[in-house]
Amino acid sequence: MNIVVLVKQVPNTHDVRIDPKTGNLIREGVESIINPEDRHALEAALGIKDRLGAEITALTMGPPQAIEVICEAVATGADRGILLSDKAFAGADTWATSTALGLAIKRIGEFDIILAGRQAIDGDTAQIGPQVAEFLGIPQLTYVRDLEVLEGKITAERVLEDGCERIEAPFPVLLTVLAALNEPRHPTVAGMLRSASERAPIEVWNAADIGAKALDVGFLGSLTQVTRTFTPKEARNTRHLEGSPGSVAAQLIQCLQEQGIRLGE
Amino acid sequence: MAVSIDVDKCNGCGMCSRSCPYLALVIEDKKAKWLEERCTLCGACLESCKFGALTGEMPTREVPDFSDYRDVWVFVEQHDGALHRSAFELIGCARGLADDLGQKVAVAVFGAEVKGQAQDLIRHGADRCIVVEDPGLAYYRTCTYTHVLGEIIRGYKPGILLIAATHLGRDLAPRLARRMGLGLTADCTRLSIDPEEKILLQTRPAFGGNIMATIVSRFSRPQTATVRPGIMKALEPDATRTGEIVVEELDMAECREFTHVLECVLQEKKRADLAAAKIIVAGGRPVCSERGIEVLREFAEAVGAEVACTRVVVEEGFLPVEHQVGQTGQSVRPEVYFACGISGAIQHKAGMDGSRYIVAINKDPDAPIFGVADYAIVGDLFEILPALTRSIKGS
Ligand SMILES: Cc1cc2nc3c(=O)[nH]c(=O)nc-3n(C[C@H](O)[C@H](O)[C@H](O)COP(=O)(O)OP(=O)(O)OC[C@H]3O[C@@H](n4cnc5c(N)ncnc54)[C@H](O)[C@@H]3O)c2cc1C
Ligand SMILES: Cc1cc2nc3c(=O)[nH]c(=O)nc-3n(C[C@H](O)[C@H](O)[C@H](O)COP(=O)(O)OP(=O)(O)OC[C@H]3O[C@@H](n4cnc5c(N)ncnc54)[C@H](O)[C@@H]3O)c2cc1C
């Protein structure tokens, strides 16, 4: 069985702070990590490998330093790692990202299962999984919190807003997973040595390697553009609400409504 | 673009080959050779040849003519024939956008039997309701719904399409966008029309809510966004509103569904964890009594919030430790954090000062919690919270 795990390097958003003067994101000293749900995706792959045997490829697209997450995946048990890195990939929206990841998966070759996190903690779109699945023309199972691999097919439990469903899909299939799925293991010392060695099974591919044209990927290949970023709110401007309890309550409800927050719905 | 090499002018100097990041230009037999399959059309080589032997043109990217795409569309989510609450919110939002553009609001609703809902959608602001009924549409299936919505879009050419950012919407929208070649903005909390360009400005939180980004889709139609539920305002239903109801017949045999639903279990909403909560109502020392917890709970229930507390409340045994916020408890970043009878110790603030809005209710006007509050209420929580509960239930 061949499994591809999509992993993304993200800033630890718990560390993300905004410069109160400039309103910019302070990136210095912010730790880079594997997107938390992607560790659960990798664990799911390793669990399948332990039980049934599998060849696991970890794939990421990112700047050169994103090799770190590939090394970590290999150190944790992935058999092979691929970093897609190229100036041409920079500034990609989810359309262009899914194009690049999809082309890379096609180049990797035969696969039965693709595992991804449901959502990355930086971009926060949760769009990559379904877009890669559609690019490859395979079924998708999103919001997966439990899964079982059977002969030639997979059954998964998907979390719905008001419950859950159990669903069965044939191979090949793409799953996006939630943290509730499993408890990720840590890299082993032997794994770390392997991933750091010169013969580590790690490759770096550029746009030409996956047959992408500059206009298909990165900023130029994107269908959306960020035109402005800003901090949700500058320093807190405390507003005092005064009066009888009833009046204070009404004022507060009104104030929050003006900020787009409606209580009680 | 194609790169062409004039072999008469080329002297095999290799400058072009060195300029190419992709090894797509090589020197063979003292002449440059272009390897099309490795070329990404990046254009890096275009200025590299001093002898005029290499020519080529960068493909340009133009904004296509979208003048025949119009109207603001809402995909209406329904479960078992009942409309999801987001539907009316999205129609309310679409109404404002359509009015700014001088266009119409159309809604698409699919299901086994949903035509009966059309009037209600019109009363809430839709001008046109496109209905597709088929037993195969009773239950949401990714590929089936993607196919049907895709066909509808292909036929009607909407300018804007809004889909709720629910689990269903976030499963459907990216699949649809990839199939139809659409830019897609996720989980928007604000939408407006750019007054000059007349395009949709889509604003959304990213980086765990630390950053807001405004995003546009200039290169594809419909401009498609998922919209966070609970943010947009539904219109008051107006029974005098009229609209058109269109029943579309589609060939369902064309859609290929790969998956098979074995079982669907609907359950009462499980208590979400604090990290994911949109609203948190937290209590401090003064809620350490049966009455105190009850007042807190009643208010939390009225606003659909999770209950949290300071360490004191855990130590006093009034709430389990999963509810503790702070340095040794959980870190939370809800949209609104109500700090009720909480002094604002640094260890507590460490877990909640990233909240979008903080409301502090405290008897002591000098309580440090007011230093991080957006809304400060000096008073007794046993009076303020019941008043809030009443106002919300009454409205
Ligand atoms: C502030 C901001 C807002 C943005 N908003 C939008 C938007 O609304 N629409 C849009 O199209 N783009 C948007 N983007 C661009 C988007 O963040 C990038 O395209 C990003 O590469 C993928 O999206 P994501 O981080 O949301 O991933 P998600 O879709 O949330 O990621 C889900 C999973 O996909 C996999 N995955 C994601 N990215 C990679 C990768 N690079 N390599 C390997 N696996 C990966 C991982 O398994 C991950 O857990 C935005 C970017 C910024 C900075
Ligand atoms: C290492 C360490 C780790 C810690 N970790 C945490 C942690 O993770 N989380 C945490 O919360 N604490 C933590 N603490 C404890 C912290 O220092 C404070 O002691 C604690 O947060 C105080 O809780 P409180 O605000 O509920 O109580 P108090 O400080 O006693 O404040 C009660 C407040 O309620 C107000 N009040 C009283 N009656 C009313 C009324 N009727 N209406 C309105 N207001 C009223 C008072 O004016 C007062 O401001 C930690 C401490 C240490 C040393």
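The values are calculated or read from the model by the stated rules, or taken from the named source; none is laboratory data. None of the values given here were measured: they were computed from a predicted structure. Note that we place each Cβ from the backbone using ideal geometry, even for glycine, and neighbour counts take in every protein chain shown. All accessible areas refer to the heavy atoms of the entire protein, side chains included, with ligands and DNA or RNA removed. Shrake-Rupley method; radii C 1.70, N 1.55, O 1.52, S 1.80 Å.
Among the residues of region B:165-192 satisfying the criterion of being surrounded by 23 or more Cβ atoms within 10 Å (Cβ to Cβ), without any contact (Cβ under 8 Å) to a residue 60 or more places away in the chain and over 26 Å from residue B:100 (Cα atoms), which is farthest from the other protein chains (Cβ to nearest Cβ)? Checking each candidate, the answer is B:176.
Checking each residue in region B:321-333 for being over 23 Å from residue A:252 (Cβ atoms) and either in a loop (DSSP other than H, G, I, E, B) or within 16 Å of ligand 1 (Cβ to nearest atom) (or both) picks out B:326, B:327, B:328, B:329, B:331.
When residue B:146 is tested against (1) polar (S, T, N, Q); (2) away from ligand 1 (no atom under 16 Å from the Cβ); (3) farther than 28 Å from residue A:141 by Cα, exactly one condition is not met: (3). Here is the figure for region B:193-214: residues that are within 12 Å of the chain's Cα centre (by Cα) and crowded, with 24+ Cβ neighbours inside 10 Å total 2. Taken together, the residues in region B:148-164 that are part of a helix (DSSP H, G or I) and open to solvent by 20 Å² or more (accessible area, probe 1.4 Å) amount to 4. Could you say whether any residue in region B:23-44 is over 42 Å from the mean Cα position of the chain (by Cα) and polar (S, T, N, Q)? No - not one qualifying residue is present in region B:23-44. Taken over region B:18-57, the residue count meeting the criterion of being in a loop (DSSP other than H, G, I, E, B) and under 23 Å from residue A:205 (Cα atoms) is 13. The set of residues in region B:300-320 being away from chain A (no Cβ under 14 Å) and either assigned to a helix (DSSP H, G or I) or within 10 Å of ligand 2 (Cβ to nearest atom) (or both) consists of B:308, B:309, B:310, B:311, B:312, B:313, B:314, B:315, B:316.
For region A:138-178, the candidate set comprises residues that are more than 26 Å from residue B:178 (Cα to Cα) and surrounded by fewer than 20 Cβ atoms within 10 Å (Cβ to Cβ); within that set, the residue that is farthest from the other protein chains (Cβ to nearest Cβ) is A:151. Annotation: residue A:40 fulfils all but one of (1) within 9 Å of ligand 1 (Cβ to nearest atom); (2) open to solvent by 10 Å² or more (accessible area, probe 1.4 Å); (3) away from chain B (no Cβ under 14 Å); the unmet one is (1). Here is a check on your reading of the model: is residue B:225 open to solvent by 10 Å² or more (accessible area, probe 1.4 Å) and more than 7 Å from every other protein chain (Cβ to nearest Cβ)? When the stated conditions are applied, residue B:225 does not pass them. Inside region A:238-261, residues that are of a type outside the set (Asp, Glu) and more than 7 Å from chain B (Cβ to nearest Cβ) make up a count of 6. Pairing residues of region B:321-350 that are within 8 Å of ligand 2 (Cβ to nearest atom) with residues that are open to solvent by 50 Å² or more (accessible area, probe 1.4 Å) and charged (D, E, K, R), at Cβ distances under 6 Å and at least 6 apart in sequence or on separate chains, gives B:324/B:311. Look at region A:179-207 and say how many of its residues are open to solvent by less than 50 Å² (accessible area, probe 1.4 Å), farther than 21 Å from residue A:48 by Cβ and assigned to a helix (DSSP H, G or I). Total meeting the criteria: 0. Inside region B:355-375, residues that are in contact with a Ser or Thr (Cβ under 7 Å, 6 or more places away or on another chain) and more than 12 Å from ligand 2 (Cβ to nearest atom) make up a count of 2.
Check B:350, B:345 and return the single one that is within 14 Å of chain A (Cβ to nearest Cβ) and open to solvent by 10 Å² or more (accessible area, probe 1.4 Å). Working first, answer last.
On the way: B:345 fails: within 14 Å of chain A (Cβ to nearest Cβ).
Of the residues listed, the single one that is within 14 Å of chain A (Cβ to nearest Cβ) and open to solvent by 10 Å² or more (accessible area, probe 1.4 Å) is B:350.
Taking region A:67-87, which residues are surrounded by 21 or more Cβ atoms within 10 Å (Cβ to Cβ) and away from chain B (no Cβ under 14 Å)? Listed by number, the residues that qualify are A:69, A:70, A:71, A:72, A:73, A:74, A:75, A:76, A:78, A:81, A:82, A:83. Screening residue B:116 against (1) open to solvent by less than 10 Å² (accessible area, probe 1.4 Å); (2) of a type outside the set (Ser, Thr, Tyr); (3) without any contact (Cβ under 8 Å) to a residue 40 or more places away in the chain leaves a single unmet condition, (1).
Please determine whether any residue of region A:225-240 is outside any helix (DSSP H, G or I) and crowded, with 19+ Cβ neighbours inside 10 Å.
Residues of region A:225-240 that are outside any helix (DSSP H, G or I), as a first pass: A:225-240.
Filter once more, keeping what is crowded, with 19+ Cβ neighbours inside 10 Å: none.
No.
Checking the conditions here, which among B:372, B:336, B:378 is away from ligand 1 (no atom under 16 Å from the Cβ) and open to solvent by less than 10 Å² (accessible area, probe 1.4 Å)?
Values: B:372 fails: open to solvent by less than 10 Å² (accessible area, probe 1.4 Å); B:378 fails: open to solvent by less than 10 Å² (accessible area, probe 1.4 Å).
Every option except B:336 fails the conditions.
Taking the stated definitions as given, is residue A:90 among the small types (Gly, Ala, Ser), buried (at least 19 other Cβ atoms within 10 Å of the Cβ) and away from ligand 2 (no atom under 16 Å from the Cβ)? Talk me through it step by step, then tell me what you get.
On the way: among the small types (Gly, Ala, Ser): yes; buried (at least 19 other Cβ atoms within 10 Å of the Cβ): no; away from ligand 2 (no atom under 16 Å from the Cβ): yes.
Considered against the rule, which asks whether it is among the small types (Gly, Ala, Ser), buried (at least 19 other Cβ atoms within 10 Å of the Cβ) and away from ligand 2 (no atom under 16 Å from the Cβ), residue A:90 comes out as no.
The lone criterion from (1) open to solvent by 10 Å² or more (accessible area, probe 1.4 Å); (2) at pLDDT 95 or above; (3) among the β-branched types (Val, Ile, Thr) left unmet by residue B:295 is number (1). Filtering region B:264-279 for residues that are touching a helix residue (DSSP H, G or I) at 6+ places or on another chain (Cβ under 9 Å), away from every other protein chain (no Cβ under 14 Å), open to solvent by 10 Å² or more (accessible area, probe 1.4 Å) and modelled with pLDDT of 90 or more leaves an empty set.
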